[in-house]
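A quick write-up on the structure given underneath.
The values are calculated or read from the model by the stated rules, or taken from the named source; none is laboratory data. Since we're looking at a predicted model, the values are computed, not measured. Cβ placement follows ideal geometry from the backbone for every residue including glycine, while neighbour counts extend to all protein chains displayed. Remember, those area values only see protein heavy atoms, side chains included, never the ligands or the DNA or RNA. Shrake-Rupley method; radii C 1.70, N 1.55, O 1.52, S 1.80 Å.
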Amino acid sequence: MFKVGIIGAGNNGKGHARCLSNIEGVKVVGFADAVMDAAQAASDEFGGKPFTKHNDLLGADVDAVWISSPNFMHAEQTIDAAKAGVHVMCEKPMGLTLDECDAMIEAHKAAGTKLMIGQSTRYGGSLKKLLDMLAAGVFGRLIACWSTRLGHYAAPSPGHWRVNPKLSGGVKMEWEIHEIDVLRCIGGKVTSVYGSMGYSREDVPDYDDTFAAILTFEDGAFGRLDASQGARIGFSNRGLMGSKGMAYLHGRNEIRYKTDDTNGMQTIEVPLKEHEKPEAKLAKLDEDTDFVRACQEDREPTITGEDARVNIEIALAILNASEQKQVIPLDANQPLPKMPEV
Ligand SMILES: NC(=O)c1ccc[n+]([C@@H]2O[C@H](COP(=O)([O-])OP(=O)(O)OC[C@H]3O[C@@H](n4cnc5c(N)ncnc54)[C@H](O)[C@@H]3O)[C@@H](O)[C@H]2O)c1
């Protein structure tokens, strides 16, 4: 039996617990949450023991933990798990600084334990299909790609961790680390970053909730990010333009595209697996299964710390570019994002 624990028994931690409970050979043995009621409620629902201290869960004979606490705790808890000899699937964003990311990677290397980061958008079937079409030359040479993610996040209170940039990392980390990841999956290595930050909340004026950025890829193509948690009209789109065609992702599982060879716009529907349907509430099942198998088969996890660290480097470069009003160059010696095989 592969024994797992969850650190952070909020919405997302319980989502992982539901998925893990559905994987054969996996047993959820405990939850650690700073709030005992949250740990207890999760234990009541999924089994296992409740704890308030993550180190107590780490000492409770677990093979791996899923870290789903607020972002500012990811580094400390990931490092403590390595010291306890426990594998880690840590939620995005990996850490809030590059020093944190480096320490997380080093700790798991030293311990010989596995570390994966929850860049869950890589598990979407329509992104995988879009990348296969791009690689097959359907759209020609990549010219540009983009992610627009505008919405309104009404945080419960100005004191909530999500709207404190020191605790969450701001929108660049909390939402947009997914979108940065998607653009890297499409465009590859990022060599420079420019960005401009916006601050729309009067109750939390230092919370960076809005930005636009341009990432330049190694081969000269570029990626655009347009993000806001302060937009009163929700509007989202991810897509790409090539020398022979254009495509965008629509809804959960559609690709809409037009190329020089098609007669009008075409639609491809990428069938959702049963567990991917919203009513199944098992959105993270593929991701969680992938990490469990990586531990059991003693292989490198699909999304390594070194890979996810690049997203943090880009998010921080967006803020630096905005503050310095300068293009920030990045070292192109960076891992390419790897897509899952599940
Ligand atoms: N990959 C994804 O798609 C995705 C989706 C949602 C959330 N997330 C990530 O998951 C994490 C949690 O998000 P959420 O929506 O569940 O947040 P949440 O606020 O609902 O839950 C966080 C939980 O952590 C607990 N907590 C606070 N400090 C703690 C500590 N020191 N140790 C242990 N527990 C502590 C809180 O009491 C709360 O129960 C965040 O890092 C978020 O970015 C990822």
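Which condition number in (1) away from the ligand (no atom under 16 Å from the Cβ); (2) touching a residue at least 60 places away in the same chain (Cβ under 8 Å); (3) touching a His at 6+ places or on another chain (Cβ under 6 Å); (4) not basic (Lys, Arg) is the one that Thr113 fails? If we test Thr113 against (1) away from the ligand (no atom under 16 Å from the Cβ); (2) touching a residue at least 60 places away in the same chain (Cβ under 8 Å); (3) touching a His at 6+ places or on another chain (Cβ under 6 Å); (4) not basic (Lys, Arg), just (2) comes out false. Restricting attention to region 117-175 and to residues that are hydroxyl-bearing (Ser, Thr, Tyr) and either out of contact with any Phe, Trp or Tyr (no Cβ under 7 Å at 6 or more places or on another chain) or open to solvent by 20 Å² or more (accessible area, probe 1.4 Å) (or both), the residue that is nearest to the ligand (Cβ to nearest atom) turns out to be Ser120. Only one of the listed residues (Gly188, Gly234) is more than 16 Å from the ligand (Cβ to nearest atom), in contact (Cβ under 8 Å) with a residue 12 or more places away in the chain, open to solvent by less than 20 Å² (accessible area, probe 1.4 Å) and not aliphatic (A, V, I, L, M). That residue is Gly188. Of all residues in region 37-74, those that are within 12 Å of the ligand (Cβ to nearest atom), under 22 Å from the mean Cα position of the chain (by Cα) and closer than 19 Å to Gly112 by Cβ total 2. Of the strands (runs of 3 or more DSSP E) entirely within region 245-342, those holding at least 2 residues that are more than 19 Å from Ile105 (Cβ to Cβ) and among the hydrophobic types (A, V, I, L, M, F, W, C) occupy 245-250.
Of all residues in region 7-21, those that are near the ligand (Cβ under 8 Å from one of its atoms), open to solvent by 30 Å² or more (accessible area, probe 1.4 Å) and either of a type in the set (Ser, Thr, Tyr) or in contact with a Lys or Arg (Cβ under 9 Å, 6 or more places away or on another chain) (or both) total 1. Each residue in region 176-185 was checked for being within 12 Å of the ligand (Cβ to nearest atom) and open to solvent by 20 Å² or more (accessible area, probe 1.4 Å), and 1 pass. Taking every residue in region 57-77 that is assigned by TED's automatic domain parsing to the domain that holds His87 and pairing it with any residue that is of a type in the set (Asp, Glu) and more than 7 Å from the ligand (Cβ to nearest atom), at least 6 positions away or on another chain, the pairs with Cβ-Cβ distances below 8 Å are Leu58/Asp80; Trp66/Asp288; His74/Glu100; Ala75/Glu100. Restricting to region 237-252, name every residue that is open to solvent by less than 40 Å² (accessible area, probe 1.4 Å) and farther than 22 Å from Glu176 by Cβ. Hits for region 237-252 are Gly242, Gly245.
Yes/no matrix, rows are residues, columns are (1) in contact with a Leu (Cβ under 8 Å, 6 or more places away or on another chain); (2) surrounded by fewer than 23 Cβ atoms within 10 Å (Cβ to Cβ); (3) on the phi > 0 side of the Ramachandran plot:
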position	(1), (2), (3)
Gly5	yes, no, no
Ile23	yes, yes, no
Val29	no, yes, no
Pro70	yes, yes, no
Thr78	yes, no, no
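State whether one or more residues within region 280-294 are open to solvent by less than 40 Å² (accessible area, probe 1.4 Å), of a type outside the set (Val, Ile, Thr) and free of Cβ contacts under 8 Å to residues at least 60 places away in the same chain. Looking for residues that are open to solvent by less than 40 Å² (accessible area, probe 1.4 Å), of a type outside the set (Val, Ile, Thr) and free of Cβ contacts under 8 Å to residues at least 60 places away in the same chain, one finds at least one in region 280-294, hence yes.
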